[in-house]
1. What is the helix-to-structure angle for 139-160, meaning the angle in degrees between its Cα long axis and the longest Cα principal axis of the chain, kept from 0 to 90 and rounded to the nearest 10?
2. Note down the nm distance, to one decimal, between modelled labels 7 Å out along Cα→Cβ at Ala203 and at Phe259.
3. Using a 1.4 Å probe over the heavy atoms of the protein chains, calculate the carbon and sulfur portion of the accessible area of the stretch 162-251 as a whole percent.
4. What nm value, rounded to one decimal, do you get for the distance between Asn289 and Glu80 when each label is placed 7 Å out toward the C-beta?
5. Evaluate the distance, in nm, between pseudo-label points positioned 7 Å from the Cα of Lys91 and of His249 along their respective Cα→Cβ axes.
6. Taking 0.36 nm per intervening residue step and subtracting the Cα-Cα distance, what contour gain separates Lys233 from Lys50 on full extension?
7. Looking at the chain, send over the antiparallel percent of its DSSP beta bridges, to the nearest 5.
8. Would you mind giving the average projected area, over all directions, of the Cα convex hull of the chain in nm² with one decimal?
Amino acid sequence: MKRIGVLTSGGDAPGMNAAVRAVVRKAIFHNMEVYGIYRGYAGLIDGDIKELEVGSVGDIIHRGGTMLYSARCEEFKTIEGQLKGIEQLKKHGIEALVVIGGDGSYQGAKKLTEHGFPCIGVPGTIDNDIPGTDFTIGFDTALNTVIDAIDKIRDTATSHERTYVIEVMGRHAGDIALWAGLAGGAETILIPEAKDDMNEVIARLKRGSDRGKKHSIIVVAEGVGSGVEFGKKIQEETKFETRVSVLGHIQRGGSPTAFDRVLASRLGARAVELLLNGKGGRCVGIQSNELVDHDIIEALSRKHSLDHKMYDLSKELSI
Ligand code: F6P
C-alpha cells in the first residue's frame, strides 16, 4: 500500500489531532504517502483532499478540536454518497482510509468496507460508546472537564446549601455521567443504562437531608432526559432550592490529557500498522490495557456496554 487517506468525522474530540499526527508520521516513517480529507465524509464527497507532510501535523499534539475539521454528513448515509466518496478516493490514488470518529463515522467506514474499500476505524469521541474498546480518544479529557465543573459547582452548592443538577453529554451512553459522578462524589447519577425510579431519587435526597446533608449533586446523562426538567421536578417534590447546569459543548473542547494523547498516538499508529500488513475492514481499540483490533462489521453488531459494577459502587459510596 503506497497511499492512504485520513479523516476525522462526527463530534470532535480532544486527542483527534494527536491521532491524525500518529497516522501521518507512522505512515511517512514507513514510506507511505498520506492524504488528509477535510470536513469528514462531507469533504470526501466534495474532494476536499490534500497531501499531508511530516510538518503538516507539527504543533498539534496538544490542541483540542481537529485540524482536519469535522462534519456530520447526511449524504454519506446514502449509497450514492458512499460511491461518490469512493470515486474521490480512487481519483486521488488513495488505497485505504483511516477514519477517526464515533458511532456515525464507524458506520460510514463499515459501508466503505462493504463496498470493498479498505478502512480502519479509530475510536474518537467523548462519549466512550464504541464497541471493541474500553476507552475512546477524548473521553478522559471530557471527563476531567466535567470533574473540574462539578468541583466548582460543589463550592457554590455548599455555600448556598443548594441541590444541583448537572447535565452532561454522552448521547445514548452514560459513561461520562457515571465516571464523572463517581469521581466527583455525586449523590445521584442518572444514566440511560439503568432506569432510576424518580421516587427513589427523591427519597434518597430527603434521607440525606434528614441526616443533615445541606447540599447535593446529581449528575444526569443527556440520554436520560433534560436536566432542566429533572431540576424542576426535584425542587417541586423536595422543596429544596435547586439549580441546573447544562455543561454542553465545553465538554468537547480543550487540550487533551496525557492519557488521550498517548491513547491517540498508539491507536493511530496501530491503524497504519494494520494497513502496512494489508489488513482493512478493522477497527482498533484498547482492551484490558492491550491494543486490539476487530473486524469492523462484527464489532458494530455488538454494543458498547457500560461497567455496571461501577454503577453499583457509585450507589454504595453515595449513601
Ligand atoms: O457524540 C459527541 C456528542 O458531543 C454527544 O455527546 C452529543 O450528544 C452530540 O455529540 C452533540 O452533537 P452536536 O455537536 O452535533 O450538537
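1. Once rounded, the angle reads 20 degrees.
2. For Ala203 paired with Phe259, the spin-label model returns 3.4 nm.
3. Working: 2030 of 4050 Å².
Using a 1.4 Å probe with all protein chains present, the stretch 162-251 comes out at 50 percent carbon and sulfur.
4. 5.2
5. Simple spin-label model gives 3.0 nm for this pair.
6. On the way: separation 183, 0.36 × 183 = 65.88 nm, distance 5.23 nm.
Working it through step by step, the gained length comes to 60.7 nm.
7. Values: 11 of 44 bridges.
In the chain, DSSP labels about 25 percent of beta bridges as antiparallel.
8. Values: hull surface 64.1 nm².
Averaging across all directions leaves 16.0 nm² for the Cα convex hull.
The values are calculated or read from the model by the stated rules, or taken from the named source; none is laboratory data. Just so you know, these numbers come straight off a predicted model, no measurement behind them. Every residue, glycine as well, gets a Cβ built from its backbone with ideal geometry; the counts of neighbours run over all protein chains shown. Ligands, DNA and RNA are excluded from the accessible area calculation, which covers all protein heavy atoms including side chains. Shrake-Rupley method; radii C 1.70, N 1.55, O 1.52, S 1.80 Å.
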